[in-house]
Amino acid sequence: VQLQASGGGLIQTGGSLRLSCAVSGSIFSIRTTGWYRQAPGKQRELVATITSGGSTNIADSVKGRFTISRVNAKNTYLNTNSLKPEDTAVYYCHAEIRGVNYWGQGTQVTVSS
């Protein structure tokens, strides 16, 4: 199983980015996919997750600004709006498949003030 994250970049405060995560390999029984982020000097934290049934869990820090969606079990998207400098981090996509956690390589999001 491989996860490929893309869509990061340098953006000004208030801007938007769409992050994409593509899952390849054995995609059967993907229970949950989502996004985590890690800022310099901080621990990795949950941003948003979505289950195969469509239930979402969004971190309070991004609620109302970020949304997560999933298409065909292979592709998960994170729409980020009204970005703030504190959203600057490496964003990692994640998938749970049969109790095993898989991670993508991360994509850098930098929000300039």
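The values are calculated or read from the model by the stated rules, or taken from the named source; none is laboratory data. If you're wondering where the values come from, they're calculated on a predicted model, not measured in any experiment. Methodologically, a virtual Cβ is constructed for each residue, glycine included, from the backbone with ideal geometry; neighbour enumeration extends over all protein chains shown. Quick note on the areas: whole protein, heavy atoms, side chains included, nothing else; ligands and nucleic acids left out. Shrake-Rupley method; radii C 1.70, N 1.55, O 1.52, S 1.80 Å.
At a glance:
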| read-out | value |
| --- | --- |
| Count - residues of region 3-27 that are in contact (Cβ under 8 Å) with a residue 60 or more places away in the chain and farther than 20 Å from Asn79 by Cβ | 2 |
| Flag for Ile68 being open to solvent by less than 50 Å² (accessible area, probe 1.4 Å), of a type in the set (A, V, I, L, M) and in a strand (DSSP E or B) | yes |
| Of all residues making up region 73-91, the number that are at pLDDT 95 or above, under 14 Å from the mean Cα position of the chain (by Cα) and open to solvent by 60 Å² or more (accessible area, probe 1.4 Å) | 1 |
| Pair list, Cβ under 6 Å, 6 or more apart: region 91-113 residue part of a strand (DSSP E or B), other residue buried (at least 21 other Cβ atoms within 10 Å of the Cβ) and among the charged types (D, E, K, R) | Tyr91/Arg37; Val111/Asp87 |
| Region 1-25: number of residues that are more than 16 Å from Val71 (Cα to Cα) and either part of a strand (DSSP E or B) or of a type in the set (Ser, Thr, Tyr) (or both) | 8 |
| Hey, Arg18 basic (Lys, Arg), open to solvent by less than 30 Å² (accessible area, probe 1.4 Å), closer than 22 Å to Tyr102 by Cβ and within 11 Å of the chain's Cα centre (by Cα) or not | no |
| Top-ranked residue of region 26-43 - restricted to ones that are closer than 13 Å to Val109 by Cα and not in a strand (DSSP E or B), ranked as farthest from the chain's Cα centre (by Cα) | Pro40 |
| Residue check for Ala48: assigned to a loop (DSSP other than H, G, I, E, B) and surrounded by 11 or more Cβ atoms within 10 Å (Cβ to Cβ) | no |
